[in-house]
Amino acid sequence: MAKRRLLRIPFLIAVLTATMLVVSVACGSSAEPTAEPASQPASQPASSSGGAPAPTAVPATSPPTAVKPTGKLTIAITDMGNETPSVWQEFAFGKAYMRFLYDALTGTNDAGEVDKTTGAAKEWSMSSDAREWTFILRDNIKFHNGDQLTAEDAKFSIGLVTSEDSITSYKGTVKAAIADQDSITVVSPTELVINTSSPSGFLNWFISDIQGVEGLIQPKNYTESVGNDEFAQNPVGSGPYKWVDQRKGDFMEMEAVDNHWRDGASRFKSLLWRIIPEESTRIAALKAGEVDVISVSRERAPQLKADGLNIFSKEGASVLGLYFHEQWRDDSVWKDINVRKAFNLAINREEICEFVFAGQCSPARVYPWPDIAPGTDNSLEPVAFDPVEAKRLLDASNYNGEEVAIRSYPRADVPEGPRFIEAVGAYLTDIGVNVKIIPTEYASYRQERLAHTLDNGSGYLAAPNRPLAGFVGLMRVLNHTDGTFTSTNDPEIDRLIEALEAGIAPADVEAASVALYRYMYSQFSHLTCCNMNISYATNDKITSWDLGKRVWDDGFTNLVQR
């Protein structure tokens with residue numbers, strides 16, 4: 001095997017060198033945070049990370065007194081989600097900027113826990129059967145137009161994110177727990193009661209800002225007075241920054257409020273987001289002082305550090321994998337497990353880590369769980385590189401030379417994306433797969449996923465680590481038959497996901513996660529590749545940065561705090 005690997009190295013280098021000449025196509029999303037195992041799920045006694053218990057007193061939060069914000073911070077990344085700043089028209093990859101504009105019903109902290117000091121709800125409690133949740137809101141939060149934030153706004157926002165037209169990434173998870181608006185009762189301006197469709201021990205996580213945008217709150221009265229279209233042009237939230245201007249595909253500008261209820265005064269008065277898909281252009285802009293923060297590929301990070309720039313990274317923060325889309329269809333090449341296994345055996349993960357990601361990754365076991373994630377089985381090993389067995393399985397399968405179209409695009413968390421896809425395409429071609437690589441934008445690929453029109457097609461994502469509660473919500477979205485982005489239609493996967501969702505006791509939830517993990521490992525449900533570090537480069541405006549452990553947001557709000 002060592003001899004085979006040495007013989008393939010020049011081949012992979014040649015493929016990647018040629019790929020570097022290809023012009024990258026714009027796209028992407030913000031990076032993904034690392035999360036520690038959830039140690040206190042909802043059924044444990046009340047704490048900042050728990051969910052279900054008798055309420056405890058939380059001191060009133062008052063913002064610190066500080067001088068007014070000054071100056072400007074400019075952040076350049078490959079894309080900013082859907083670039084539509086309303087809570088039901090944005091998906092998870094836009095959360096990095098959305099958290100500047102909005103507060104969440106359930107707050108979270110940088111350690112990846114729900115936190116009663118950081119969100120609109122200062123207290124919550126869950127009934128013993130996990131069917132009723134009560135949220136007590138603060139009375140000192142105002143929207144940027146001066147209106148008070150109330151329980152009516154929270155109910156209204158949940159209705160928006162679960163509406164038929166909503167495009168939020170984890171809409172299905174929230175909707176599975178909250179059937180309709182009749183399930184939500186506004187008891188008073190500061191009290192909200194939610195009755196769930198079935199036991200829901202993690203509802204407080206689902207309507208937080210730990211994973212997607214589903215927990216963010218926008219004002220009911222203002223939205224209804226101006227209409228959805230006008231709101232998207234001139235959004236109003238209660239976050240530490242307010243809206244200024246935007247040119248889609250180019251920039252987004254915000255301005256700090258003088259004294260936010262939670263964060264006080266920000267460091268920077270102006271916050272400018274720039275969309276720069278091409279990495280070399282981002283690096284040049286950073287070195288020229290035109291921007292202050294950029295997403296950076298793993299292979300460029302060491303040299304940029306040697307050049308005197310600051311590098312901030314999260315170790316093993318996400319897992320990279322490709323989807324076998326619409327594999328339930330009778331004419332799908334993916335329907336045969338031998339094809340799915342052959343694809344996994346065809347990939348040399350160690351070479352990819354070395355020659356695409358500059359050694360800043362390691363072979364992974366099961367997408368979408370990074371190896372450091374809670375609820376996994378550490379006794380399993382990543383799929384070994386075995387092209388001979390891969391070709392044998394492919395020849396014995398139902399694959400008859402059909403074209404397999406793989407979408408290729410850069411992303412903020414995987415700027416090496418096009419080179420990675422070229423390498424994967426080369427490995428698959430080597431075992432006899434008819435591969436077609438289609439350069440595109442991530443937004444276009446996402447629309448194809450939503451429409452389920454990717455027959456015999458594939459695309460990639462780097463899924464971030466998250467608390468155990470995050471995986472409870474994620475699995476329905478990605479793999480349940482009813483999931484918004486599902487690639488599978490497997491009754492056993494559905495059963496295992498439903499068992500995971502029904503868990504309340506921590507041990508039961510973790511055991512259900514492990515059972516699902518093992519089954520998806522045995523079924524080769526995705527083409528799992530690597531656990532990856534996530535890196536950013538900054539100038540001397542930023543000398544420290546806690547990237548945090550929220551999903552799809554790398555602690556960007558920490559950049560502006562004093």
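The values are calculated or read from the model by the stated rules, or taken from the named source; none is laboratory data. Only a predicted model underlies this, so the values are computations on that prediction, with no experimental measurement involved. FYI the Cβ positions are ideal-geometry reconstructions off the backbone, even for glycines, and counts take in every protein chain you see. In case anyone asks, the SASA skips ligands and DNA or RNA and just uses the protein heavy atoms, side chains included. Shrake-Rupley method; radii C 1.70, N 1.55, O 1.52, S 1.80 Å.
For the reader, a short list of remarks on this structure follows.
- Helix 2-19 axis, angle to the chain major axis (alpha carbon atoms, nearest 10°): 60 degrees
- Both the radius of gyration and Dmax for region 401-475 are 14.0, 41 Å, in that order, over alpha-carbon atoms.
- Region 506-562 versus region 182-213: alpha-carbon centroid distance in Å: 24 Å
- Region 277-314 and region 341-379 have Cα centres lying 25 Å from one another.
- Shape box of region 487-527 [Cα atoms, principal axes, largest first, Å]: 31, 16, 12
- The Kirkwood radius of region 481-562, taken over pairs of alpha-carbon atoms, gives through the Stokes-Einstein law at 25 °C and 0.890 mPa s a diffusion coefficient of 150 µm² s⁻¹.
- Where Rh is the Kirkwood radius over Cα pairs, Rg/Rh for region 520-562: 1.20
- Accessible area per residue in Å² at 1.4 Å probe, computed on region 162-240: 35 Å²
- Solution diffusion estimate, µm²/s, Stokes-Einstein, the chain, Kirkwood Rh from C-alpha pairs, 25 °C, viscosity 0.890 mPa s: 103 µm²/s
- Take 447-457, 230-240 and order them by the average number of nearby Cβ atoms within 10 Å per residue, most first; the result is 230-240, 447-457.
- Residue by residue, region 167-183 carries 3J(HN,Hα) couplings of 10, 4, 5, 10, 3, x, 5, 5, 5, 5, 8, 10, 5, 6, 5, 5, 7 Hz when phi is fed to the Karplus relation 6.51 cos²θ - 1.76 cosθ + 1.60 (θ = phi - 60°); x denotes Gly or Pro.
- C-alpha long axis of helix 506-523 to longest principal axis of the chain, angle in °: 30 degrees
- Sorted on the mean count of surrounding Cβ atoms within 10 Å across their residues, most packed first, peptides 206-213, 348-355, 459-466 read 206-213, 459-466, 348-355.
- D_trans [Stokes-Einstein, Kirkwood Rh over alpha-carbon pairs] for region 443-510, 37 °C, 0.692 mPa s, µm² s⁻¹: 249 µm²/s
- Rounded to the nearest 0.05, the FRET efficiency derived from the C-beta distance between Asn400 and Thr281 at R0 = 56 Å is 0.85.
- The three principal axes of the C-alpha atoms in region 166-275 carry coordinate ranges of 44, 31, 29 Å, sorted with the longest axis first.
- Kirkwood-based Rg to Rh ratio, region 101-199, C-alpha trace: 0.95
- Principal semi-axes of the equivalent ellipsoid, √(5λ) from the alpha carbon gyration tensor of region 340-469, are 23, 20, 16 Å from largest down.
- Distances between placed amide hydrogens fall under 5 Å for Asp371 paired with Arg365, all partners being 5 or more residues away or on another chain.
- Whole-Hz couplings from phi, Karplus 6.51/-1.76/1.60, listed for region 77-90; x for Gly and Pro: 9, 6, 6, 9, x, 8, 6, 10, x, 10, 5, 9, 10, 10
- The angle between the Cα long axis of helix 491-502 and the longest principal axis of the Cα atoms of the chain comes to about 30 degrees, rounded to the nearest 10.
- Here the contact order of the chain, divided by its residue count and restricted to Cα pairs under 8 Å and six or more residues apart, works out to 24 percent.
- With coordinates expressed along the principal axes, the C-alpha atoms belonging to region 221-272 extend over 32, 30, 11 Å, beginning with the largest.
- Computed accessible area, His260, all protein chains, 1.4 angstrom probe, square angstrom: 10 Å²
- Thr118 accessible area, assembled protein chains, probe 1.4 Å, Å²: 30 Å²
- Accessible area (Å², per residue) of region 436-562, counting only protein heavy atoms and a probe of 1.4 Å: 31 Å²
- Sequence-distant lysines (8 or more away, or on other chains) whose Cα lies within less than 30 Å of Lys72: Lys95, Lys142, Lys242, Lys248, Lys269, Lys287, Lys305, Lys314, Lys541, Lys549
- Relative pair counts by distance (%), Cα atoms of region 321-384, 5 Å bins: 3, 16, 20, 21, 19, 13, 6, 1
- Close amide H partners of Arg407, meaning residues 5 or more places away or on another chain with modelled amide H under 5 Å apart, are Ile438, Ser458, Gly459.
- Grouping the Cα pair distances of region 408-547 into 10 Å bins from zero gives a pair-distance distribution of 9, 32, 33, 20, 6, 0 percent in increasing distance order.
- Overall dimensions of region 260-299 by Cα: Rg and Dmax, Å: 13.6, 41
- Distance between the 7 Å Cα→Cβ label points at Thr185 and Ala502: 2.7 nm.
- Note, ³J(HN,Hα) from phi for region 334-342, Karplus 6.51, -1.76, 1.60, rounded to Hz, x at Gly and Pro: 7, 4, 7, 4, 5, 5, 4, 5, 4
- Taking the average, over residues, of other Cβ atoms within 10 Å as the packing measure, peptides 125-135, 96-106 rank 96-106, 125-135 from highest down.
- Note on the chain: with neighbouring protein chains present and a 1.4 Å probe, carbon and sulfur make up 50 percent of its accessible heavy-atom surface.
- Per-residue SASA remark: Tyr521, around 60 Å² accessible (1.4 Å probe; ligands, DNA and RNA not included).
- Structure-based [θ]222 nm, the chain - -39500 (n - 2.57) summed over DSSP H runs of at least 4, per residue, nearest 500: -8500 deg cm²/dmol
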